[in-house]
Amino acid sequence: MIARPIDPLTYTVSPLDRAGILRTDEAAVQAHLTGGKARIVPLWQQRHLVTSDGAAGVFSYDEVALMLGADVQTVFLGLADDTPWFAAGFPAADTAPIAGDYRALNDVVLLMPGDQASILAYARAMVIWHENHRYCSRCGTATVSDEAGHCRKCTNAACGYRSFPRTDPVVITLITDGDRCLLGRQASWAPGIYSTIAGFVEPGETVEAAVRREAEEETGVEVGDVRYIASQPWPFPASLMFGFHADALTTAIRRKDNELEDCRWFTRADILTFQERTSTAPGFKLPNRYAIARLLLDRWLQ
Ligand SMILES: [Zn+2]
């Protein structure tokens with residue numbers, strides 16, 4: 001068996017110029033929305049419209065103009081060449097705003113072109129951020145969207161707090177000891193799946209320190225040198241994964257925080273065997289191909 005070639009990492013290939021400077025120019029954004037070229041990506045119940053051939057479903061302004069009321073969150077995403085892209089977050093009603101096939105992003109992401117997957121990930125992160133920030137975190141008053149959907153401002157004039165989308169940093173690390181790598185699994189995962197060691201960065205912490213702390217808490221293994229490899233937006237709902245490769249200083253496994261239900265060392269030969277298995281096959285398996293954990297493993301195998 002041979003190691004699989006490394007594809008561009010899912011959600012990292014965006015065609016958009018975010019054109020952030022336009023966000024405060026209400027007239028320019030409105031002209032992009034109504035000018036006939038806009039592509040509008042709907043999100044409904046955190047699901048995405050998918051066409052019968054697996055592409056991202058988009059609407060023109062004319063198709064949805066009558067629906068873009070105050071209860072629909074519209075976000076200017078940016079420009080791809082001259083084409084403006086917007087997200088439209090529809091209310092979580094029982095029926096879809098426009099009939100179609102709405103799917104969870106990770107269920108369809110490997111079927112669609114990478115640039116479309118990146119746009120859907122961005123749209124998803126923005127719409128969910130709006131859903132979760134309807135009230136001011138300082139005074140509790142209702143907030144409204146501003147800056148073409150990239151800000152929410154408090155409607156209490158005495159407060160006026162403005163909040164902006166936030167991204168939660170997560171470290172995910174392939175820990176190796178010579179020819180072996182350390183993988184673990186959480187009880188909630190599909191049977192047999194083992195992955196690299198991950199956790200949220202805490203306030204006041206560097207990403208390197210977070211790598212060492214998470215490894216120690218989850219596996220008891222101490223790591224030395226920590227090398228940054230790649231990052232991946234992970235809008236479930238608001239993470240940014242920072243992928244690392246780290247060298248183990250110790251090898252005894254002791255799960256301290258019980259976040260993992262199991263953790264073990266696997267050889268390169270083991271991983272080459274696992275990577276050929278489908279998600280429904282029996283035995284040990286690796287995370288899905290769209291996850292950065294697979295990139296870390298594939299890169300190590302090569
Ligand atoms: Zn407020």
The answer for the per residue Cα convex hull volume of the stretch 168-301, in Å³, is 103 Å³
Which of the chymotrypsin sites (Phe, Trp or Tyr not before Pro) across the stretch 96-186 are loop residues per DSSP, with 15 or fewer other Cβ within 10 Å?
-> TYR161
Per the chain: cysteines with no other Cys C-beta under 4.7 angstrom?
-> CYS151, CYS181, CYS263
What is the diffusion coefficient of the chain in µm²/s, taking the Kirkwood radius over Cα pairs and the Stokes-Einstein relation at 25 °C with a viscosity of 0.890 mPa s?
-> 116 µm²/s
Looking only at GLU147, GLU222, GLU276, which one moves most when the chain is put into a Gaussian network model with springs between Cα atoms under 10 Å?
-> GLU276
Give me the orientation-averaged projected area of the Cα convex hull of the stretch 20-132, in nm², one decimal.
-> 7.2 nm²
Measuring from centroid to centroid over Cα atoms, what is the spacing of the stretch 1-64 and the stretch 146-212 in Å?
-> 23 Å
Per DSSP H run of n ≥ 4, the term is -39500 (n - 2.57); total these for the chain, divide by its residue number, and report the mean residue ellipticity at 222 nm rounded to 500 deg cm²/dmol.
-> -6000 deg cm²/dmol
Rg/Rg_ref, the stretch 90-138, where Rg_ref = 2.2 N^0.38 Å and atoms are Cα = 1.39
Average Cα contact separation per residue, the chain, under 8 Å, 6 or more apart, as relative contact order % = 18 percent
Rel. contact order, % - alpha carbon contacts under 8 angstrom, at least six apart, the stretch 7-110 = 33 percent
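Using a simple charge model, +1 on the beta-carbon of Lys and Arg, -1 on the beta-carbon of Asp and Glu, nothing else, what dipole does the stretch 168-301 show about its Cα centre, in debye to the nearest 20? It would help to have the intermediate numbers written out before the result.
Numbers: 15 positive and 20 negative charges, 108 e Å.
The dipole of the stretch 168-301 has a size of about 520 debye.
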Farthest toward the dipole's positive end in the stretch 1-137, which of SER137, LEU111, ALA70, given Cβ charges of +1 (Lys, Arg) and -1 (Asp, Glu) about the Cα centre?
-> SER137
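Rule-based calculations on the coordinates, nothing more; no lab input. Everything numeric in this text was worked out from a predicted model, so none of it was measured. Note: ideal-geometry Cβ built from the backbone for every residue, glycine included; neighbour counts use all protein chains shown.
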